[in-house]
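Have a look at the structure below, then the notes.
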Amino acid sequence: MATWFDIAAAADLPPGRRVQRDVAGVAIIAVNLDGELLAVEDVCTHDGAPLDEGEIVGGEIICPRHGARFCLRTGQAMCPPAYEPIATFPVRVEAGRVQVLV
Ligand code: FES
């Protein structure tokens, strides 16, 4: 059963910031994209590289290893060499804390 996990204070995730957390054995990046909170799995589907240090451009995160791009809202792979999506997770703010549903 999915559970909400506390990952950060909302104040620590202002627009333009991100946090990386291991939640229930899943590596997750939560991103504040111009006020919209999004969370994705921190594993590239091409060759397993972490995405957390990838550049974010136009709502997409770019894998630092070979340049695959993933939509932060849907997880969809937007260009080769990745073809499979990354997982996405619902995000909410409760009592000033950012939570993800995993
Ligand atoms: S590991 Fe991410 S593009 Fe290759």
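General remarks:
- Between residue 95 and residue 4, the simple spin-label model (points 7 angstrom out along Cα→Cβ) gives 1.0 nm.
- A dipole drawn for the chain from +1 and -1 charges on Cβ atoms has a positive end, and of 64, 82, 37 the residue lying farthest that way is 37.
- The convex hull built on the alpha-carbon positions of the chain has an orientation-averaged projected area of 5.9 nm².
- Per-pair calculated FRET efficiency, R0 = 30 Å: residue 79 and residue 22 via Cβ, rounded to 0.05: 0.65
- All other residues whose Cβ lies under 13 angstrom from that of residue 96 are scored, Lys and Arg at +1 and Asp and Glu at -1, for a net of -1.
FYI, it's all coordinate maths here, none of it is from the lab. Because the structure is a prediction, the values reported are computed rather than measured. Ideal geometry is used to build each Cβ from the backbone, glycine not excepted, and the neighbour counts take in all protein chains shown.
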